[in-house]
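Colleague: Got a structure for you, questions after.
The values are calculated or read from the model by the stated rules, or taken from the named source; none is laboratory data. It should be emphasised that the depicted structure is a prediction, and the values quoted were computed from it without experimental measurement. Don't worry about glycine lacking a Cβ; one is built from the backbone with ideal geometry, like all the others, and counts go over all protein chains shown. The accessibility values were calculated without ligands, DNA or RNA, using every heavy atom of the protein model including side chains. Shrake-Rupley method; radii C 1.70, N 1.55, O 1.52, S 1.80 Å.
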Amino acid sequence: MSLIRNVLDNLMFDQVSLLEIVQRELVQILAIEPTEVTLNGLLRTPEGLSLQPRVTDASLRNDALVITKAKTVSGVLALITSTLYGSDFCEPPLVALSPGSRRRSPAELRGWRNMHALAMHELRLLVEWVVFDTVGGMSRFLDWMLKIPAVTTVQQYWDRHIEEQRQENIRTQMQDSGSWVKKLQEACEVKYSSEDFRDTFSGNLKRELDFRSEHDSRVQKMSTEDLNAQVMLEHLKGVLLPSLMHVDILCDTNVTPGHKVQHWSHAVASAVTMINLQLESVGKDPIGGPQMPGVVLFMAMMNTSDNLWAHVLLGTLFTVFAGDAQQHGLEQRPYTLYPDNDDNAMEQFVLNGASRGIDPLHYWSFLTGSMRVLLSPTAASPEA
């Protein structure tokens, strides 16, 4: 960590270290009064919720300021990562030795060379962690985000209604012959179709439901359709548990923005892989593009961590997407690097994304879109 910090201190632009530029932007964001911020220009609250934030001239100015500074930080981090990744292996040319300064020790040179063993996405995470740590870590930005009234209001609405959305979504997808849930349900029926298994499974299921009915008044009031949906929901959670863990980690207080995007990419990619393994094991066709929105919706609605909306906003705020430079009026400064002028931007978030067909920035837009759907009071079937 000290090596990265020393390198960042000596990456200069106009006699100012890039680390100082980033720190200045981050400190200025935290200095803005969160009660005078809505971030509605970043990720608009779905209409019809009666949760629309009160927009004032001050909030519009502050929103523009926060978004511009955060996106600029992301652009600088992208340039730093790209520069370090492409630097000389044997000697760090970016750390200029001033006259009379000591020469680097063998341990320092070894650390520099070890850094070159990192893939670009690993280096980006390390750079992000060091940079945010200099201003108190990501926890400070989460605390700041949770003081924005528009954020807490939406999060409270989500917490109150998400369980109802889970049940309704699963029931809808179980009835849709083209949905991934229906495909997986049919695959399970084929895979576990032996009479012995059915008898054993039915017996175990009946005992479980009898136990729940005895101890949980909510289960007593469930219809057969609701119970079937609940059983299927538990089954899907088991199948996709590793993917759901990635979404839980995304909501960790100290996970940096780039790491959030990376975990979400892993969550979606691994979920599709595990679903297709189940389908292919019984000779059924894998899911594709038409089923992707449903998978993404499931991953979002099954998250049980605190403050998912705030974490999604943080990831969106500190990530530059294609078109952001124009939309938010970002200046193409010499010390920034944006996706619009860097075809390899996705490599800073996931290993070999292009060759594996994984576009992390596009996947993240799936997450923001699915949350808006789930927050909508008239959420439609995701595959409609």
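Colleague: Using a 1.4 angstrom probe with every protein chain in place, what is the largest-first accessible-area order of Tyr85, Tyr157?
Modeller: Largest to smallest exposure gives the sequence Tyr85, Tyr157.
Colleague: While we're on this one: Taking R0 as 45 Å, what FRET efficiency do you get between Ser87 and Asp306 from their Cβ-Cβ distance, rounded to the nearest 0.05?
Modeller: For Ser87 and Asp306, the calculated efficiency is 0.70.
Colleague: Going down the list Lys71/Lys237; Lys69/Lys260; Lys183/Lys260, which pairs span over 26 Å between their C-alpha atoms?
Modeller: Correct reply: Lys71/Lys237; Lys183/Lys260.
Colleague: Name the residues whose placed amide hydrogens come within less than 5 Å of the amide hydrogen of Met12, ignoring near sequence neighbours (fewer than 5 apart) on the same chain.
Modeller: It is Leu18, by chain and number.
Colleague: At a 10 angstrom cut-off on C-beta neighbours, averaged per residue, how do the peptides 290-299, 310-319 rank from highest to lowest?
Modeller: 310-319, 290-299
Colleague: To the nearest 10 square angstrom, how much accessible area does Ser2 have with a 1.4 angstrom probe?
Modeller: 80
Colleague: What full-extension length gain, to one decimal in nm, is calculated for Arg140 and Met245 as 0.36 nm per residue of separation minus the Cα-Cα distance?
Modeller: Difference between extended and current length: 35.4 nm.
Colleague: With every protein chain kept in the model, how would you rank Asp285, Asp143, Asp63, Asp359 by accessible area, 1.4 Å probe, largest at the top?
Modeller: Asp285, Asp143, Asp359, Asp63
Colleague: With each pseudo-label sitting 7 Å past Cα toward Cβ, what's the Arg5-Asn40 distance in nm, one decimal?
Modeller: 4.2
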